[in-house]
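These notes concern the structure reproduced below.
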């Protein structure tokens, strides 16, 4: 390519692997010599180079792993770049099987573009496998196309499973934590969350942020909801799409001009009408909700009064509810909500599982209690029940802390044993290699390299053990999330 450019009187320099100091000299010449406008580089130039003085990049051969492309672009898209616009051109032979596969990789796998850090673990191995499979001479173009589709769908599914609603949802302060807890459990168990929770999140979001939006149940199908967004909501969603470079398809921002139904049914594989979108955890509406709530949080009153109808879960009567958040930050890291409900009439404390279900039902199906002070004429029984419930919850927390310390100590010992075991195994392997080389009177230059590797393994082991020891003594934290009155009638 360099020779071809010279034939057209275009000055260029080329770098590749194995050039040593010559590569640095050529880069300096490209940077300082105004008559040289083009740098040609092999894959060696995709990492470690600072080329922010350049603003145009041509990718002559596109890598199949999108992360490799991001690394290339990162050579010019750096701090110190003065150009207002960077121009990136990706070249590919049109109407070839490679063209089709690359198009799918770069268009459909754009769900990764906001998480480049963890992209290699997800994309790297499947892409390598795909490259080997595609090179099989016995495959037809149709076979290659099918294998590419299958592999790309695997990539998409893996990323979706790990990237859904990890922070906040725009709901009442108390219920927001409950929904997030359900989402985390759903991710761990590779299942969906309850449709009622999804519906509540969306409904509450529009009520608090865009009250001009209509979102109501279809009279012919209780699992379908008609969405008609206000102009303000449409503009806000498009700003989110533009700001976050959202590529996932949705028609919700066209709902102001045409009907769009959101389906919460489990029959996601069934063929649906064009204007119906199935709401899974990866639907863009949840990304938008999280983004909006993070920018402009709405804080609910931590003390509230709720009115709900009796059910199999809870009988008619008056109750106190209390929610705590327990956070583990030590050797074992996690966060969970704890729900407590007690009857005012008989001072009975309900079990935690039932309490969680009652609060879930109360927030999704209940309503705010109007004139709560007037309704609660005799306040003393409510106060006494609340005190007993709080004491009960704190007793539970203290027992949890004691148990956590025992478990943390056990995990600390196990993790310490694992760190020492893996380090000793690596050192033993390198030591055996050194002994073999010495017994055969060879490897004079290689042996110091293995000795350095052993030293490095020892240093890394010490750092990991110190970090683990520090985490061992971190106690859990408790946050009081909400308390209130629940009237069932």
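Where a number appears in this text, it was derived from the coordinates with a stated rule and is not lab data. Keep in mind that this is a model prediction, so the values were computed, not measured. With ideal geometry, Cβ positions are generated from the backbone for all residues, glycine too; neighbour counts draw on all protein chains shown.
Summary of values
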item: Sites residue 325 and residue 365 - FRET efficiency at Förster radius 22 Å, r taken between beta-carbons, to 0.05; result: 0.40
item: Full-extension gain in nm, residue 312 to residue 8, via 0.36 nm per residue minus C-alpha separation; result: 101.1 nm
item: Where a label projected 7 Å from the Cα of residue 433 along Cα→Cβ would reach, residues of the stretch 445-485 with amide N under 20 Å; result: 445-462
item: Packing rank of 194-200, 57-63, where each peptide gets the mean count of other beta carbons within 10 Å, highest leading; result: 194-200, 57-63
item: 465, 262, 27 arranged by Cβ crowding within 10 Å, fewest neighbours leading; result: 465, 27, 262
item: 14 Å reach of a label modelled at residue 56, 7 Å along Cα-to-Cβ, counting backbone N of the stretch 1-24; result: 10-12
item: Residues 77, 204, sorted so that the one with the fewest Cβ neighbours within 10 Å comes first; result: 77, 204
item: 306, 323, 285, 447 arranged by Cβ crowding within 10 Å, fewest neighbours leading; result: 447, 285, 306, 323
item: Length-normalised contact order of the stretch 302-489 in % [C-alpha pairs under 8 Å, at least 6 apart]; result: 45
